[in-house]
1. Angle, helix 64-93 long axis vs. longest principal axis of the chain, Cα atoms, 0 to 90°, nearest 10?
2. Going from the alpha-carbon gyration tensor of the stretch 2-58, what semi-axes, largest first and in whole Å, does one get by taking the root of 5 times each eigenvalue?
3. Length gain on complete extension for the stretch residue 25 to residue 71, per 0.36 nm per residue less the alpha carbon to alpha carbon distance?
4. Report, in deg cm²/dmol and to the nearest 500, the calculated mean residue ellipticity at 222 nm for the chain, where each DSSP H run with n ≥ 4 adds -39500 (n - 2.57) and the sum is divided by the residue count.
5. On full extension of the chain, what length is gained from residue 38 through residue 84, given 0.36 nm per residue of separation minus the C-alpha to C-alpha distance?
6. Using Cα atoms only, what is the angle between the long axis of helix 2-27 and the major principal axis of the chain, expressed in degrees (0 to 90) to the nearest 10?
7. Here are some values of Cα extents along the principal axes in Å: (i) 49, 28, 25; (ii) 69, 27, 19; (iii) 85, 15, 13. Which one was computed from this structure?
8. At a threshold of 8 angstrom on Cα-Cα distance, excluding pairs fewer than six apart, so keeping six or more, what relative contact order does the stretch 22-90 reach in percent?
């Protein structure tokens, strides 16, 4: 039974490391550009959009900030729906197996 105890300890350590990693991902910011830099999106490490910049020459300058906010909101709405869909599909695949909170599959 020593091996089972050791495995459980390792699993707990791995879960703690994964939680720490998830927290770090929320802090990382990664920019992406398109159109020669005319559009720039910044996501965090979890794929959540943090900022959007659209070159004012692409839109009426007085509308740019509203457009940027709407695009961020639409992106985050779609991403939340994707996560919900994935959770429902994983529940089907695991046969309703009650996995620990925070454990996301696939790894």
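1. The answer is roughly 20 degrees.
2. Working: eigenvalues 354, 13, 6 Å².
The answer is 42, 8, 5 Å, longest axis first.
3. On the way: separation 46, 0.36 × 46 = 16.56 nm, distance 2.20 nm.
In short, 14.4 nm is gained.
4. Details: 2 runs with 56 residues, N = 107.
Rounded to the nearest 500, it is -19000 deg cm²/dmol.
5. On the way: separation 46, 0.36 × 46 = 16.56 nm, distance 3.21 nm.
Stretched out fully, the residue 38 to residue 84 stretch lengthens by 13.4 nm.
6. With both axes taken from Cα atoms, the answer is about 10 degrees.
7. (ii)
8. Relative contact order for the stretch 22-90 comes out at 21 percent.
Here, each number is a calculation from the coordinates, and none is a lab measurement. This one's a predicted model, so the numbers in the text were calculated from it and none came from an experiment.
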